[in-house]
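Student: Here you go, one structure.
A short reminder: the numbers here are calculations on the coordinates, not readings from a lab. Quick caveat: nothing in here was measured; it's all calculated off a predicted structure. Cβ placement follows ideal geometry from the backbone for every residue including glycine, while neighbour counts extend to all protein chains displayed.
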Amino acid sequence: MSATAVLRVDNLESYYGPIQAIRGVSLEVREGQLVTVLGANGAGKTTLLKTISGVMDPEKGTVKLEGTEIQGNEPDRIVARGMVHVPEGREIFPLLTVAENIAMGAYTRSDKAAINADEEMVYSYFPILKERMTQAAGTLSGGQQQMLAIGRGLMAKPHIMLLDEPSLGLSPLLTEEIFDIIRRLNTEQHVTMMLVEQNAAVALDVATYGYVMELGRIVMADEAATLAASKDVQEFYLGISQDENQRGQRRWKQRKTWR
């Protein structure tokens, strides 16, 4: 794995009015990594992604994308520089077709031949979307909308993709399918990723490295396998017992074996 840091965040602080949501967060994501950020509701995970991607401006600190500071830039400029944010809730364009949503992901690009090739790549990972190219995106199921949101993000040819709660509202089987595709995109397409997720067993299974947030701070950071084995992470930071997490990991591994 390359030692190059695609994303580096130093001493980041963000506020909602007078309320401080992010408190001195520092982290990095190296080229080729799939890094997860875990924590309970209200820990600041979504706010962290919004601040990194330019949806919110930080009060303090720096965000560097491949060595260049991007904090304070407009989100479209950050996308053009190579960072894509797939937000919580997907935020697809419901009245546009699937194909039109996919095309919107490439709005910063002008390389038509490469765009066409990337569309085919996206449809190869999400064949159900190709079947429904002319269907209004708002009529898709929740899992299909999540696929569409990820596919649209891929069309920007990102150097790093930020994914916020991709399993939100999905069944266990759809969660498995989405995370299998996330893993494949990371390993086969070499998409560097930063993943915010509450499903600890699944997130740590696909990730290479992880951070745990609590009340706007990073309280733990380690290799994903080390965090997965930590009773403290499971019980105190993620709100699940050791036995529950082990059962979840066993079910996840069994489903992968069945496939």
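Student: In nanometres, what is the gap between the two model label sites at THR139 and ARG81, each 7 Å from Cα along Cα-to-Cβ?
Tutor: 4.0 nm
Student: Sum -39500 (n - 2.57) across every DSSP H segment of at least 4 residues in the chain, then divide by the residue count to get the 222 nm mean residue ellipticity, nearest 500.
Tutor: When only DSSP H runs of four or more count, the value is -11500 deg cm²/dmol.
Student: What's the extension gain from ARG217 to GLU235 if we count 0.36 nm per residue and subtract their Cα-Cα distance?
Tutor: Full extension from ARG217 to GLU235 adds 4.7 nm.
Student: Now for a separate question. Which trypsin sites (Lys or Arg not before Pro) from the stretch 68-99 combine a DSSP loop assignment with at most 12 other Cβ atoms within 10 Å?
Tutor: none
Student: Can you give me the Cα centroid spacing of the stretch 189-215 and the stretch 98-119 in angstrom?
Tutor: Here the answer is 27 Å between Cα centres.
Student: Could you give the length gained by full extension between GLU120 and MET104, i.e. 0.36 nm per residue of separation minus their alpha carbon distance, to one decimal place?
Tutor: Length gained between GLU120 and MET104: 4.3 nm.
Student: Determine the relative contact order of the stretch 92-157: mean sequence separation of Cα pairs under 8 Å and six or more apart, normalised by residue count, in whole percent.
Tutor: Relative contact order of the stretch 92-157: 56 percent.
Student: Among the GluC sites (Glu not before Pro) in the stretch 128-201, which ones are in a DSSP loop with at most 14 other Cβ atoms within 10 Å of the Cβ? Mind listing them? Intermediate results must be reported in sequence, preceding the final value.
Tutor: Details: sites: GLU131, GLU176, GLU177, GLU188, GLU197; in loops: GLU197.
Answer in residue order: no site qualifies.
Student: Could you put LEU204, LEU49 in order, starting from the residue whose Cβ has the fewest other Cβ atoms within 10 Å?
Tutor: Working: LEU204 28, LEU49 23.
Neighbour counts put them in this order, fewest first: LEU49, LEU204.
Student: Expressed as a rounded percentage, what relative contact order does the stretch 1-133 have, with Cα pairs under 8 Å and six or more residues apart?
Tutor: Reported as a whole number, the value is 21 percent.
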